[in-house]
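Coordinate-derived values only; no laboratory data. Since we're looking at a predicted model, the values are computed, not measured. Cβ: placed from backbone, ideal geometry, glycine included. Neighbour counts: every protein chain shown.
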Amino acid sequence: MLKEIHCFARVAERLSFSRAAADLGMSQPAMSQAITRLERAAGVRLFERTARDVRLTAEGKALLPYAEQVIESVQAFAAESARLARPTIHLAYPPLVGALAARIVRRLAGRTPAIGVELRAAGRGPAAQALAGGEVSAAILATP
């Protein structure tokens, strides 16, 4: 059903089955079939189709914000699951070495696969305590 909802939103955006199909790397008949499946499942017509144009029905207009919300939620889910799946280092650092901590973040983010770094500003003593207590996975303890 997710694929069909995505197809619906794209056709609504483009007001063209063929352009929406091209955007999604599908054939136009496959796009039409997806919309037909969604219309049957929802029990309403989503589009008025003529030989020249495609328009949203009143029901289609009413359901479009929900389709967009579903797509947005799926994208947020994918982004968050990717974030959670990547390794993350929790780094405590003294404020005097903030530039060094920022360089570490940039270097690790540029790796493949990327390594996330969550920074925690702390004085040398609190950083050492956080490291010893397992609150952070790494700490910069020496200062220039």
- Task: Compute the long axis of helix 2-14 from its Cα atoms, compare it with the longest principal axis of the Cα atoms of the chain, and write down the angle in degrees, 0 to 90, nearest 10.
- Result: 70
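Please give the length that would be gained between Thr50 and Thr112 if that part of the chain were fully extended, namely 0.36 nm times their separation in residues minus their C-alpha to C-alpha distance (nm, one decimal). Please report the intermediate quantities before stating the final value.
Working: separation 62, 0.36 × 62 = 22.32 nm, distance 4.91 nm.
The span from Thr50 to Thr112 would gain 17.4 nm if fully extended.
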- Taking trypsin sites (Lys or Arg not before Pro) as candidate sites, keep only those in a DSSP loop with at most 13 other Cβ atoms within 10 Å, then name the longest stretch of the chain containing none of them. 53-110
- Message: Going by Cα centres, the stretch 114-134 and the stretch 1-73 are how many Å apart?
- Response: 49
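Using Cβ contacts closer than 10 Å as the measure, can you line up Glu68, Glu39 from fewest to most? The partial results should precede the final answer.
Values: Glu68 15, Glu39 18.
If I rank by nearby Cβ atoms, fewest first, I get Glu68, Glu39.
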- Projected onto the charge dipole of the chain (+1 at Lys/Arg Cβ, -1 at Asp/Glu Cβ, origin at the Cα centre), which of Ser18, Ala99, Tyr66 gives the Cα projection farthest towards the positive end? Ala99
- Relative contact order of the stretch 1-106, pairs being alpha-carbon contacts under 8 Å that are 6 or more residues apart, as %: 22
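According to the square roots a ≥ b ≥ c of the eigenvalues of the Cα gyration tensor, what is the shape class of the stretch 86-139, taking rounded for a/c under 1.5, prolate for a/b larger than b/c otherwise, and oblate for the remainder?
Details: a/c = 3.75, a/b = 1.49, b/c = 2.51.
Oblate shape, in that a/c is at least 1.5 and b/c is the bigger or equal ratio.
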- What fraction, in whole percent, of alpha-carbon pairs in the chain exceed 21 Å separation? 59
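Expressed in nm to one decimal, what extension gain is obtained for the pair Thr36 and Ser16 from 0.36 nm per residue of sequence separation less their Cα-Cα distance? Don't jump to the answer; show the numbers that get you there.
Numbers: separation 20, 0.36 × 20 = 7.20 nm, distance 1.46 nm.
Difference between extended and current length: 5.7 nm.
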- Message: Can you compute the charge dipole magnitude of the chain about its Cα centre, using +1 on each Lys and Arg Cβ and -1 on each Asp and Glu Cβ, nothing else charged? Give it in debye, rounded to the nearest 20.
- Response: 380
- Please report, largest first and rounded to whole Å, the three semi-axes of the ellipsoid equivalent to the stretch 2-83, where each semi-axis is the square root of five times an eigenvalue of the C-alpha gyration tensor. 22, 15, 11
- Query: So what's the angle, to the nearest 10 degrees on a 0 to 90 scale, between helix 28-42 and the longest Cα principal axis of the chain?
  - Reply: 90
